[in-house]
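To start, the structure itself, in C-alpha cells.
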Amino acid sequence: MPDDLYDRDILAWSERQSALLRRVARGERLNDVDWDHVVEEIEDVGLSELNAVRSYLRQMLVHLLKVHGWPDHSALRHWRSELVGLQNELKDHFAPSMRPRIDLPTLYQRSVAQVELLAYDDRQPRPWPQECPFALDDLLTAKGADLEAHLAVAPSA
C-alpha cells in the first residue's frame, strides 16, 4: 500500500489498518501499522461524537425557541416533529463521559443568537429566557410539551 493512502482514500486506509490491528490482536508482530494516524483517528472518533451531540442539542434549542417564539405559526408541527427526531439522535449518540464537556449555557446563547434574527410572517417572537432554562437531562429525556413548559415559565428578557 502506498504511504499516502491515508490522504488519498481514508476508507481503504481504515480497512487496511483494521485488518492489521486484528492481526496484532491475535499476537502477530507487524511493522505496517500506521500508528500515528491510528491514534489520531481514534481520538477523532470521540470528538466527532461529542460534536454531533453538541449539534443535536443546539438544533433542539433552536427548535424549542421557535416553538416558543411563534406558537401559532404554520410550521409549529414541523418544529415539534424535528424536536422528537433530534432528541432521538441525541439519545443514540450521548455518552456519560460527554457530560462535563457540554457547555449548555453557551449552546443556548448561540441558539438564541441564531433565532433572534428571525421574524416569521413579519412578526417578532415572544420573548424567551435570557438564561438557559434546561438541564442536560431535560433535553435528553423530557417530552416536548415539558420542554416547552420550561421556556414558558422561565423569566424572559
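The numbers here are math on the coordinates, done by the rules we state, and not lab data. Because the structure is predicted, anything quoted here is derived from the model rather than measured. No Cβ is skipped: glycine too gets one built from the backbone with ideal geometry, and neighbour counts run over all protein chains shown.
Computed from label points 7 Å out along Cα-Cβ, the spacing between LYS143 and ASP121 is 2.6 nm. Ordered by the number of other Cβ atoms lying within 10 Å of each residue's own Cβ, fewest first, ILE102, ILE10, ILE42 fall into the sequence ILE42, ILE10, ILE102. Principal-axis analysis of the Cα atoms of the chain puts helix 35-69 at an angle of about 10° to the longest axis. For the range 1-75, the Kirkwood estimate of hydrodynamic radius, built from reciprocal distances between every pair of different alpha carbons, is 15.8 Å.
Only alpha carbons enter this Debye calculation for the chain, each as an equal point scatterer, and the log10 of I(q)/I(0) it gives at q = 0.20 Å⁻¹ is -1.19.
Computed from Cα atoms, the angle from the helix 104-115 axis to the main principal axis of the chain rounds to 60 degrees. Computed from Cα positions, the angle between helix 144-153 and the longest principal axis of the chain comes to roughly 50 degrees.
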